[in-house]
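J.: Here it is, the structure in full.
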Amino acid sequence: MIGLGPIWLTIALACATTLVLLVLGTPLAWWLATTRSRLRPVVEALTALPLVLPPTVLGFYMLVLLGPASALGAFWVTVTGEALTFSFSGLVVASVIYSLPFMVQPLQSAFEQVGSGPVEAAATLRASRWDTLTSVVMPLSAGGFLTAIVLTFAHTVGEFGVVLMVGGNIPGETRVVSIAIYEYVETLRYGDAHRLSIGLLLFSFAVLLLVYRNNRRMAVRVA
């Protein structure tokens, strides 16, 4: 029988990752959409790196970065008394980095589609850049926010390589759905693996259907 622990842990990880990236990714996407800095291509490349980098490579370096022997890992142990590696907190940090492009790229595209007109109109009213972003650009980019949130959540749900490298397979702590499926296959529990897999398959299809329908509605409104 399939336990609900991995499912709830996966939902908690996806929610935490999405919330963190919503806070961090929005200003980054806004900067990328509006800046003329020469550093923009570099930042864009770094942001998109998880799309092409093998999850095991990213997971390995995250394991080194978050380990107790590193400065960050040692600081975390000093403050909390627990290691970042093989913990839920470590999974959140790794997932934020791994899912970064799925939040930033849709938001950047949505911000760019708003155009300069509303931004210039807000500037004539002496609105600050922050007021322009929160009061003008973000409401006009609601569809982009929906796409970014849904894709980030779904991508985190389906993570495997990074999660396995950084978190391992600790019941109640780091055993998410993807890890549970892997364990079921290893122990020849194909029925349980099938049930979880079909659930992820249906969830992924529903997510893509929602995103494509949302993008189509946005295209109709723009036209």
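The values are calculated or read from the model by the stated rules, or taken from the named source; none is laboratory data. Note that the coordinates shown come from a computational prediction; the quantities given were computed from them, not determined experimentally. Every residue, glycine among them, receives a Cβ derived from its backbone with ideal geometry; neighbour counts consider all protein chains shown.
J.: Quick one: is GLU173 in contact with a Lys or Arg (Cβ under 9 Å, 6 or more places away or on another chain), farther than 19 Å from PRO54 by Cβ and modelled with pLDDT of 85 or more?
T.: So GLU173 does not fit the description; no.
J.: Using the structure shown, decide if THR156 is of a type in the set (Ser, Thr, Tyr) and either surrounded by fewer than 21 Cβ atoms within 10 Å (Cβ to Cβ) or over 20 Å from LEU65 (Cβ atoms) (or both).
T.: Against the criterion (of a type in the set (Ser, Thr, Tyr) and either surrounded by fewer than 21 Cβ atoms within 10 Å (Cβ to Cβ) or over 20 Å from LEU65 (Cβ atoms) (or both)), THR156 does not qualify.
J.: Mind listing just one residue for me: the one in segment 63-93 that is of a type in the set (Phe, Trp, Tyr) and surrounded by 14 or more Cβ atoms within 10 Å (Cβ to Cβ) and, of those, farthest from the chain's Cα centre (by Cα)?
T.: That would be TRP76.
Conditions (1) over 30 Å from THR187 (Cα atoms); (2) modelled with pLDDT of 90 or more; (3) out of contact with any strand residue (DSSP E or B) (no Cβ under 6 Å at 6 or more places or on another chain), marked per residue:
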{"position": "LEU9", "(1), (2), (3)": "no, yes, yes"}
{"position": "LEU28", "(1), (2), (3)": "yes, yes, yes"}
{"position": "SER70", "(1), (2), (3)": "yes, yes, yes"}
{"position": "GLU82", "(1), (2), (3)": "yes, no, yes"}
{"position": "SER89", "(1), (2), (3)": "no, yes, yes"}
{"position": "MET103", "(1), (2), (3)": "yes, yes, yes"}
{"position": "SER116", "(1), (2), (3)": "yes, no, yes"}
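J.: Within segment 32-42, is there a residue that is touching a Phe, Trp or Tyr at 6+ places or on another chain (Cβ under 6 Å), over 13 Å from VAL92 (Cα atoms), touching a residue at least 60 places away in the same chain (Cβ under 8 Å) and not charged (D, E, K, R)?
T.: yes
J.: Those residues that are of a type outside the set (A, V, I, L, M, F, W, C) and either buried (at least 22 other Cβ atoms within 10 Å of the Cβ) or in contact (Cβ under 8 Å) with a residue 60 or more places away in the chain (or both), I need them from segment 159-177; list them, please.
T.: GLU159, GLY161, GLY167, GLY168, PRO171, GLY172, GLU173, THR174, ARG175
J.: Further question on the same structure: Just checking, which of SER141, SER99, SER135 is crowded, with 21+ Cβ neighbours inside 10 Å and at pLDDT below 90?
T.: Going through SER141, SER99, SER135 in turn, just one is crowded, with 21+ Cβ neighbours inside 10 Å and at pLDDT below 90: SER141.
J.: Just checking, does segment 152-163 include any residue being in contact with an Asp or Glu (Cβ under 8 Å, 6 or more places away or on another chain) and not hydroxyl-bearing (Ser, Thr, Tyr)?
T.: No, segment 152-163 has no match at all.
J.: Another one. Answer yes or no as to whether ALA193 is out of contact with any strand residue (DSSP E or B) (no Cβ under 6 Å at 6 or more places or on another chain), farther than 30 Å from SER141 by Cα and not aromatic (Phe, Trp, Tyr).
T.: yes
J.: For segment 43-62, what are the residues that are under 18 Å from the mean Cα position of the chain (by Cα) and touching a residue at least 60 places away in the same chain (Cβ under 8 Å)?
T.: Hits for segment 43-62 are PRO54, PRO55, THR56, LEU58, GLY59, MET62.
J.: Would a scan of segment 8-26 turn up a residue that is farther than 29 Å from VAL137 by Cα and surrounded by 21 or more Cβ atoms within 10 Å (Cβ to Cβ)?
T.: yes
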